[in-house]
Amino acid sequence: MTEPPARAEAEESEESEAEDGVAGIPTDEDYLGEPGPPLDHHAPFFVGFVGGLGVLVAIWMATQIQAIGSTLMLIVVSLFLAAGLDPAVRWFERRGMRRSYAVLTVILAFLAALTLFIVAIVPVIADQVRSLTDNVPHWLDQLQRNRQVQRLDDEYDILEKVQDYVTNGDFAGALFGGAVGIGLAVLGALFNGFIIVVLTLYFLASLRTTKGALYRLAPASRRDRVSRLGDRVVRSVGGYVSGAFIVALCAGISSLIFLFAVGLGEYAVALAFVVALLDVIPMIGATLGAVIVTAIAFAEDWKIGLACAVFYIVYQQVENYVIYPRVMSKSVDVPGAVTVIAALVGAALFGVVGALLAIPTAASILMLVREVWVRRQDSR
């Protein structure tokens, strides 16, 4: 008598379970054991291993950052320049121009000014620098007529060594390491300048998009406050950069007019450019420019030199107490001691570029401390 189909299937299932083991429990071949307890994160070995691995990763990252330090510096300089041009873009926006058109207008104006400077001013500066170099032996001869200088020259033979060094044309070669070094230095400077210009224009065109992408990294609950703080930082940095160039431009134009007026028109453009360039450097830049111009003026004529000394003493007081406060009143608010410390630290870390960027960086840090840390402390 045949068994019912349902009973036959049940018996087959039981035989299969008997072969594979008890129902729900794997056989010895499939069983891998019970999972053990998790690793003790406070164990000395675990702490030491993870800590050592973290130190190695930090050292590796530091070496990589140091390797691309020059590229990062170009990016930082370009960001600061873009922030400095952004007030001009916002000025056009306040007058009803769309941002895209405002950015295009500022970019075209920037490129036109740069082209005008290269085409019109650089050749004049080169000619005047060459004229200054040619006149160095004449000025050294005038110094030899001074009794005190002549006494020192008789003892140490200083003037003759300086004259031979300048007239032999070895100064630039020694400074840059020969003709090949000069060529590489010029090419490097041109390449860095081109990269800075391109990055500046790119950052200026995409500044709003870049800020929005960075703000989205903050939590949604704090994104509005982070956006407001970030916008204020960008405005303060842009105001300082544009203000610094305005102050330097005032120094260069006033020096140009004065030098033409006192009879140094032959070197006026080159010296005014030096004054404007050095005036951007905090604390000591204006003094360095004044010393250079005054020294050359004294070598030309002591009366002109005295007039230059008086002019720059008066002008620096006007710049420090009239021009600078009015230009920078809405951009940075940094105490004098913090300004000095920031400029010294920036110069020690990154040279002239660090000194230039130290003050707006210090202003941004102080603003964040006041708005975040101090306000949180006051609310407790």
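Scanning for something in a helix (DSSP H, G or I), on the phi < 0 side of the Ramachandran plot, out of contact with any helix residue (DSSP H, G or I) (no Cβ under 7 Å at 6 or more places or on another chain) and at pLDDT 85 or above, does region 109-122 turn up at least one residue?
yes
What number of residues within region 322-342 satisfy the criterion of being surrounded by 19 or more Cβ atoms within 10 Å (Cβ to Cβ) and modelled with pLDDT of 80 or more?
Going through region 322-342 one residue at a time, the tally reaches 1.
Does at least one position in region 223-236 carry a residue that is in a helix (DSSP H, G or I) and touching a Pro at 6+ places or on another chain (Cβ under 7 Å)? Before you say what the answer is, go through the steps one by one.
Residues of region 223-236 in a helix (DSSP H, G or I): 223-236.
In the following step, the residues that additionally are touching a Pro at 6+ places or on another chain (Cβ under 7 Å) were identified as 236.
Checked region 223-236: at least one residue is in a helix (DSSP H, G or I) and touching a Pro at 6+ places or on another chain (Cβ under 7 Å).
Does at least one position in region 74-94 carry a residue that is modelled with pLDDT of 80 or more and surrounded by fewer than 10 Cβ atoms within 10 Å (Cβ to Cβ)?
As a first pass, look at region 74-94 and keep what is modelled with pLDDT of 80 or more: 74-94.
Subset that is surrounded by fewer than 10 Cβ atoms within 10 Å (Cβ to Cβ): 94.
Within region 74-94, one or more residues are modelled with pLDDT of 80 or more and surrounded by fewer than 10 Cβ atoms within 10 Å (Cβ to Cβ).
Residues of region 273-310 being under 28 Å from residue 338 (Cβ atoms) and in a helix (DSSP H, G or I), which ones? Write out each step before concluding.
Start the filter on region 273-310 by keeping residues that are under 28 Å from residue 338 (Cβ atoms), which leaves 275-291.
If the condition is that a residue be under 28 Å from residue 338 (Cβ atoms) and in a helix (DSSP H, G or I), then 275, 276, 277, 278, 279, 285, 286, 287, 288, 289, 290, 291 are the ones that fit.
The values are calculated or read from the model by the stated rules, or taken from the named source; none is laboratory data. This structure is a prediction, so every number in the text was calculated from the model and none was measured. Here Cβ is always computed from backbone atoms with ideal geometry, including for glycine, and neighbour counts include all displayed protein chains.
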